[in-house]
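First up is the structure itself, then whatever we jot down about it.
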Amino acid sequence: MTFAVSSTDFHYEANNKTHHTSEITGQRLILRRGQAFTITLNLHRGSQPEVDKVQLIAETGPSPSEASGTRAVFRVSGPPVRSSWSAAVQNSSSSSVTLSVTSPANASIGKYFLKIQAAKGIPQTSALGEFILLFNPWCADDSVHMQKDNEKQEYVMNEQGLLYRGCAESFSPSGWNFGQFEEDIVDICLKLLDVSPNYSKNPGLDCSRRSDPTYVGRVVSAMVNCNDDRGILLGHWGNDYPGGTPPSRWTGSVEILRQWSLNGCRPVKYGQCWVYAAVMCTVMRCLGIPTRTITNFDSAHDTDGNLTIDEYYSVSGQELKLSNDSIWNFHVWVESWMARPDLPAGYDGWQVLDPTPQEKSEGVYCCGPAPVKAILEGDTDIKYDVPFVFAEVNADKVRWVVGSDGSKQKSYSNTRLVGCNISTKAVGANEREDVTHLYKYPEGSKTERDAFARAVRKRNGISDITPNGLDARKPPASGVIELSIKLQKTPVNGEDITFYLHIVNRNQSSKNLSITTVAQALRHNGRPEDPCWKNTQTIKIGANRETKVTLLVPYSKYGASMLENNIVKLTAIANEEGSNEMHMTEKDVLVTNPTLSIEVKGTPVLHQEFKAEITFTNTLSETLRNCLLSLSGIGLIRTKHETPIRTLGPNNLVRVTIPLTPTKPGSRMLTANFDCNLFRDVKAYKTVEVKRVY
């Protein structure tokens, strides 16, 4: 009797453990490319274990072919062949044959079918089973290879992390559950690739190109938003979110991905930049590409590609919406680690990918991968989208004051405001790592000026520009009147914002100044609301003197604008009597909300119940209504726990105790969120260590 297989043992648990996928499941085969795995072929009684007379077939995609690299036919021979599929006998008996099978390190990722057939004569093919193949940062030949184990643990294996939000002078982390190893997430991530326009246009080519993390990164960047396709998230920036979830309420990716998949790949409402980035981080880590979230404070959105952000103000201090350029309080994207063989040497490593739909790239709302090294050096001729990202971290800000007759007066040009405190979670710790130096040289240094000159030259095709010719890169000259805004104390939601305007007259004569100060709620994408408070006064300041003017923005004026974003822009404009001279200053102020806390009761032990206690106190002077308190945590709680609270009076406390039974061991994160009618986005996180009992 010839070689005949009765069943196949894929050794799920052992293989998945060595391939770092056991966190996903032990009930099916999930592998990483470029690494051997073991299968045992159980033979029919009387069958001859002559493996040299059979060959294996590995196929992926709807139309697999050897020419496209989505089908491989290979004999059971000897040691692994570096660039192709191979198989070798580990041991053999009259009833079974155990093989070591190795995929190439450049194989396409995706769902594979493994088959067996006779090597000679009429081929009779039998199905052995299926498996999923992912990128492999543990494999030195894989283009996503990462050297350090602690970095792989952080950027591939860690299911939770921190996202930094706020404004440049005041920001904080919030916890996020990525959940890339929840069992159904890998299937959802592969579905995401299969519903992309690239797959619809040419499935065979798309599956073939899934060997390249650069290509996969661009596809995922486009598919996390839904602007061109059946993508995951619908973006919305405002205070009302009809028929959906406010972006600030999300605390993890799994709920979003499951909702998208279960609802027929219809977009989930709603996302903003940190939600887009966090979901993309989940997908990329799930597929095996090391990825981290990055927050850039005072992040420029340069719509016309001139590396300059123009802002316009009225003579009364109100910011006008005359330009599509903007500076976001913060913007979040991801970096993914990969080689770039499509580029000249020197651009391997971290690559910026941004799924937030801002501008189109080659006709599609996606961004990157842009090498961080190219951004640092100003190499704006390198693909993909380096000019756009360079502007996000290093554009000039030019401020204009618009007169009543429509004339524009340049107030000043500043090179130091854009791209501050670029942040990510540190490896192995719930701490912040500042990565600004990876994106830009120290402001004002010769190397920074050289990089900016190079960026302008390559972006605009200019051959003779020099750093000395970039006047806009020079710090603004000191005027005879200097204005600055200083807070008297940290603003707290529910209280008045108290600050003073510091005025310095460096002229040799006194000045009469008409000063208008306004407050505007600021969305995190840099777009201001209409003024909620305004003050106008006239003062006289002596020659070479300075003075302070104390001001107050009542809570009754700004409170109603704080629902979605807790940032107030304070702007002051001083007009000199008898001249056309105008002087201006501004400050973005983060208004802090009441705090939320999580306390663990008992010792978290795998499969044993413990409790989490969430506490919130209303420190405002008015009653909160339509409150919602939620708790989630991958491996700690199966579905998000939500507690509605109809009203919560001033100085009243609410305490909710929730029983939890861990299903995964190790370091896990609880994330809590509190919303009400007056504000959203009150968050807390707590890391717990779940122990095993042996």
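The values are calculated or read from the model by the stated rules, or taken from the named source; none is laboratory data. Everything numeric in this text was worked out from a predicted model, so none of it was measured. Note that we place each Cβ from the backbone using ideal geometry, even for glycine, and neighbour counts take in every protein chain shown. The accessibility values were calculated without ligands, DNA or RNA, using every heavy atom of the protein model including side chains. Shrake-Rupley method; radii C 1.70, N 1.55, O 1.52, S 1.80 Å.
A simple charge model with +1 on the Cβ of Lys and Arg, -1 on the Cβ of Asp and Glu and nothing else charged puts the dipole of the stretch 227-269 at about 140 debye relative to its Cα centre. Accessible surface ranking for 53, 383, 425, 201, 1.4 angstrom probe, highest first: 201, 53, 383, 425. Remark: the Cα gyration tensor places the stretch 250-400 in the oblate category, a/c being 1.5 or greater and a/b not exceeding b/c.
If you take the charge dipole of the chain about its Cα centre, with +1 on Lys and Arg Cβ and -1 on Asp and Glu Cβ, which of 131, 390, 205 is farthest toward its positive end? Highest projection toward the positive end goes to 131. Measuring between alpha carbons in the structure, the pairs from 425/569; 269/373; 425/446; 486/683; 191/397 lying more than 32 angstrom apart are 269/373; 191/397. Along the axis of the charge dipole computed for the chain (Cβ charges of +1 for Lys and Arg, -1 for Asp and Glu, origin at the Cα centre), the listed residues 273, 80, 220 are led at the positive end by 80. On a 0 to 90 degree scale, rounded to 10, what angle separates helix 446-460 from the longest Cα axis of the chain? Between helix and principal axis, roughly 70 degrees. Calculated mean residue ellipticity, 222 nm, the chain: -4000 deg cm²/dmol, from DSSP H runs (n ≥ 4) at -39500 (n - 2.57) each, averaged per residue and rounded to 500.
Relative to the longest principal axis of the Cα atoms of the chain, helix 213-224 runs at roughly 60 degrees. Taking every protein chain into account, the accessible area of the chain amounts to 40 square angstrom per residue (probe 1.4 Å). Using the Karplus relation 6.51 cos²θ - 1.76 cosθ + 1.60 with θ = phi - 60°, the per-residue 3J(HN,Hα) values for the stretch 161-168 come to x, 10, 10, 9, 9, x, 9, 4 Hz, with x marking Gly and Pro. For the stretch 613-626, the Karplus equation 6.51 cos²θ - 1.76 cosθ + 1.60, evaluated at θ = phi - 60°, returns couplings of 10, 10, 10, 9, 10, 7, 8, 7, 8, 9, 6, 8, 10, 6 Hz by residue, with Gly and Pro reported as x.
Among [x] 40; [y] 43; [z] 60, which is the computed percent of Cα pairs over 40 Å apart? Entry [x].
The angle between the Cα long axis of helix 273-287 and the longest principal axis of the Cα atoms of the chain comes to about 20 degrees, rounded to the nearest 10. Between the amide H of residue 349 and those of 338, 339, 340, distances stay under 5 Å, these residues lying 5 or more places away or on another chain, with hydrogens modeled in the peptide plane. With the whole protein complex present, residue 510 retains an accessible surface near 60 Å², based on a 1.4 Å probe.
Just add up the charged neighbours of residue 497: K/R +1, D/E -1, any other residue whose Cβ is under 10 Å from the Cβ of residue 497. Net of charged neighbours comes to 0. Only Lys, Arg, Asp and Glu carry charge here, each on its Cβ (+1 for the first two, -1 for the last two); on that basis the stretch 267-384 has a dipole of about 620 debye about its Cα centre. Sorting 33, 209 by solvent-accessible area of protein heavy atoms yields 209, 33, largest first, with a 1.4 Å probe.
Within the accessible area of the chain, the carbon and sulfur atoms contribute 46%, probe 1.4 Å, all protein chains present. Per-residue surface analysis assigns residue 328 an accessible area of about 20 Å², computed on protein heavy atoms at 1.4 Å probe radius. Across 316, 22, the residue with the most accessible area heads the list, and the full order at a 1.4 Å probe is 22, 316.
Within the full protein context, the accessible area of residue 12 is estimated at about 80 Å² for a probe radius of 1.4 Å.
Selection among 179, 606, 645 by position relative to the dipole of the chain gives 606 as farthest towards the positive end (Cβ unit charges, Cα centre).
A Cβ-based charge dipole, computed about the Cα centre of the chain with Lys and Arg at +1 and Asp and Glu at -1, lands at about 820 debye.
With K and R counted +1 and D and E -1, the other residues having a Cβ less than 10 Å from that of residue 350 yield a net charge of 0. Once you have a ≥ b ≥ c as the square roots of the Cα gyration tensor eigenvalues for the stretch 1-70, tell me rounded if a/c is under 1.5, and otherwise prolate or oblate according to whether a/b is larger than b/c. Oblate is the answer for the stretch 1-70, as a/c is 1.5 or above yet b/c matches or exceeds a/b. When peptides 161-168, 654-661, 414-421, 536-543 are ranked by their average number of other Cβ atoms within 10 Å per residue, the highest-first order is 161-168, 414-421, 654-661, 536-543.
Over all other residues within a Cβ to Cβ distance under 11 Å of residue 113, the charged ones net out to +1, with Lys and Arg as +1 and Asp and Glu as -1.
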